[in-house]
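Heads up, the thing below is written out as structure tokens.
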Amino acid sequence: MTQPIVEIHVPLTPSPDVAPGEYEFPWIDDVEETLGVGEEDGRYEVYDDGEELGDEYVFFITGESEVDLLAVAADIANMPGLPDGAFAVVTDEDQQELGEGRRVELSS
């Protein structure tokens, strides 16, 4: 059986407290760091590098348990400084297009 992949979609919204000329999306680095720590702990694997998809930034994790992956996605969606409106898409390696799959709301 194929392991689930959870795509964490976050609106690509600049942080409001960033000074002019500074990197507008510091939350991307914060999420990547947080996901890296969880991966080192063996809770899941980071499936691929994050990437832009239209007006969203997408992070990818995979593991044995969809329930556990969705819990991680919810934790990410509720990180301080992250734009509102994050959601997950549950898919697997056989999925052809990014963003196709079952959408799961990650409201706090």
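Observations
- The strands (runs of 3 or more DSSP E) falling completely within segment 1-73 that include 1 or more residues that are within 21 Å of Gly99 (Cβ to Cβ) and without any contact (Cβ under 8 Å) to a residue 24 or more places away in the chain map to 45-53.
- Tallying residues that are within 13 Å of Glu66 (Cα to Cα) and touching a His at 6+ places or on another chain (Cβ under 8 Å) within segment 86-108 yields 2.
- Residues of segment 58-73 that are in contact with a strand residue (DSSP E or B) (Cβ under 8 Å, 6 or more places away or on another chain) and either of a type outside the set (Phe, Trp, Tyr) or open to solvent by 20 Å² or more (accessible area, probe 1.4 Å) (or both): Val58, Ile61, Thr62, Gly63, Glu66, Leu69, Leu70, Val72, Ala73.
- In this structure, Asp92 does not qualify as at pLDDT 95 or above and open to solvent by 40 Å² or more (accessible area, probe 1.4 Å).
- Qualifying residues in segment 19-52 (those that are in contact with a strand residue (DSSP E or B) (Cβ under 7 Å, 6 or more places away or on another chain) and acidic (Asp, Glu)) - the one surrounded by the most Cβ atoms within 10 Å (Cβ to Cβ): Glu45
- Taken together, the residues in segment 79-89 that are loosely packed, with under 13 Cβ neighbours inside 10 Å and either in contact with a helix residue (DSSP H, G or I) (Cβ under 7 Å, 6 or more places away or on another chain) or modelled with pLDDT of 95 or more (or both) amount to 1.
The values are calculated or read from the model by the stated rules, or taken from the named source; none is laboratory data. The structure presented is a predicted model; accordingly, all values stated were derived computationally and were not measured. So basically every Cβ, Gly included, is an ideal-geometry build from the backbone, and we count neighbours across all protein chains shown. With ligands, DNA and RNA removed, areas are computed over all heavy atoms of the protein, side chains included. Shrake-Rupley method; radii C 1.70, N 1.55, O 1.52, S 1.80 Å.
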